[in-house]
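Report on one structure; see the data block that follows.
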Amino acid sequence: NAGVTQTPKFQVLKTGQSMTLQCAQDMNHEYMSWYRQDPGMGLRLIHYSVGAGITDQGEVPNGYNVSRSTTEDFPLRLLSAAPSQTSVYFCASSRDRGRLITSGANVLTFGAGSRLTVL
Amino acid sequence: AQKITQTQPGMFVQEKEAVTLDCTYDTSDQSYGLFWYKQPSSGEMIFLIYQGSYDEQNATEGRYSLNFQKARKSTNLVISASQLGDSAMYFCAMRLSMDSSYKLIFGSGTRLLVRP
């Protein structure tokens with residue numbers, strides 16, 4: 001199994017450009033999410049989805065859009081890139097959508113990360 | 001407030017020795033999951049071990065084990081027989097049933113360096 005696949009691994013953008021970070025999982029996981037990791041701030045949740053057709057905002061959603069048209073895919077769109085969006089982005093998924101929070105079904109599997117630089 | 005605290009910014013351990021990484025958590029939720037992730041210099045987040053709040057036994061996964069003390073709200077990671085490849089950043093994290101986003105709340109991490 002491939003697990004969680006993120007592309008691209010590296011990207012440089014100019015301020016104002018738009019782009020999409022791709023995320024796909026082949027584990028039939030219900031829950032998918034996007035995090036960003038900044039130095040000294042740990043990982044913060046951007047957007048999440050508990051199933052196909054359902055998305056919601058996390059802690060830091062401004063400047064980002066998501067959609068979940070299939071169970072497998074959860075792309076993250078940067079609408080108009082800003083230098084403040086320079087970060088490492090992680091996609092993560094779990095089998096459980098939150099109903100089994102005390103079971104191993106809620107372990108989050110992460111993709112390899114995407115390093116984005118906005119000039 | 002829901003919070004994870006890792007008080008050891010950096011630690012050294014001699015190869016083949018055991019090391020304990022500390023983690024305390026703060027929540028009023030009764031249902032939660034506790035996780036440890038490893039982040040090597042290559043940057044990926046690797047899941048190591050999980051403990052559910054209702055689990056009575058301490059979790060073990062190979063060389064990794066947890067010292068879960070619910071009353072003290074601590075879940076320390078023990079790595080036995082350290083290897084050079086264990087050098088990495090280690091994050092403790094928590095998911096709460098009362099949080100509708102089910103986000104992972106991360107600690108600030110502990111950087112472990114294994115000496116040959």
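Being within 13 Å of chain A (Cβ to nearest Cβ), in a strand (DSSP E or B) and under 10 Å from the mean Cα position of the chain (by Cα) is the requirement here; does B:LEU48 meet it?
Yes: the conditions hold for B:LEU48.
Looking only at residues of the stretch B:51-67 that are away from every other protein chain (no Cβ under 14 Å) and assigned to a strand (DSSP E or B), we find that the one that is farthest from B:LYS3 (Cα to Cα) is B:SER65.
Given the structure, is B:SER42 in a strand (DSSP E or B), out of contact with any Phe, Trp or Tyr (no Cβ under 9 Å at 6 or more places or on another chain) and not hydrophobic (A, V, I, L, M, F, W, C)? No. Applying the criterion of being touching a residue at least 24 places away in the same chain (Cβ under 8 Å) and aliphatic (A, V, I, L, M) to the residues of the stretch B:40-49, the residue that is surrounded by the most Cβ atoms within 10 Å (Cβ to Cβ) is B:MET45. Of all residues in the stretch A:75-100, those satisfying the criterion of being in contact with a strand residue (DSSP E or B) (Cβ under 6 Å, 6 or more places away or on another chain) and closer than 16 Å to B:LEU104 by Cβ are A:VAL88, A:TYR89, A:PHE90, A:CYS91, A:ALA92, A:SER93, A:SER94, A:ARG97. Listed by position, the strands (runs of 3 or more DSSP E) contained in the stretch A:1-118 that have at least 2 residues being within 12 Å of chain B (Cβ to nearest Cβ) and surrounded by 15 or more Cβ atoms within 10 Å (Cβ to Cβ) are A:4-7, A:31-38, A:42-51, A:87-94, A:114-118. You will find that of B:LYS16, B:LYS70, B:LYS103, the residue that is basic (Lys, Arg) and closer than 18 Å to A:LEU108 by Cα is B:LYS103 and no other.
Report yes if some residue within the stretch B:30-39 is polar (S, T, N, Q), surrounded by 17 or more Cβ atoms within 10 Å (Cβ to Cβ) and under 19 Å from B:THR7 (Cα atoms); otherwise report no. The answer is yes; a qualifying residue exists.
The conditions of being out of contact with any helix residue (DSSP H, G or I) (no Cβ under 8 Å at 6 or more places or on another chain) and buried (at least 16 other Cβ atoms within 10 Å of the Cβ) are not met by B:ILE79. The set of residues from the stretch A:73-119 being among the hydrophobic types (A, V, I, L, M, F, W, C) and free of Cβ contacts under 8 Å to residues at least 24 places away in the same chain comprises A:LEU100, A:ILE101, A:ALA105, A:VAL107. B:SER31 meets all of the listed conditions (1) within 13 Å of chain A (Cβ to nearest Cβ); (2) without any contact (Cβ under 8 Å) to a residue 60 or more places away in the chain; (3) of a type in the set (Ser, Thr, Tyr) but one, namely (2). Assess whether B:GLN6 counts as being within 14 Å of another protein chain (Cβ to nearest Cβ), within 26 Å of B:PRO116 (Cβ to Cβ) and in contact with a Cys (Cβ under 6 Å, 6 or more places away or on another chain). Answer is yes for this residue.
Determine if the stretch B:30-42 includes at least one residue that is at pLDDT 95 or above, of a type in the set (Ser, Thr, Tyr) and under 20 Å from A:ASN106 (Cβ atoms). Yes: one or more hits.
The values are calculated or read from the model by the stated rules, or taken from the named source; none is laboratory data. What you see is a predicted model; the values in this text were computed from it and never measured. Positions of Cβ are backbone-derived with ideal geometry, glycine not excepted, and every protein chain shown enters the neighbour counts.
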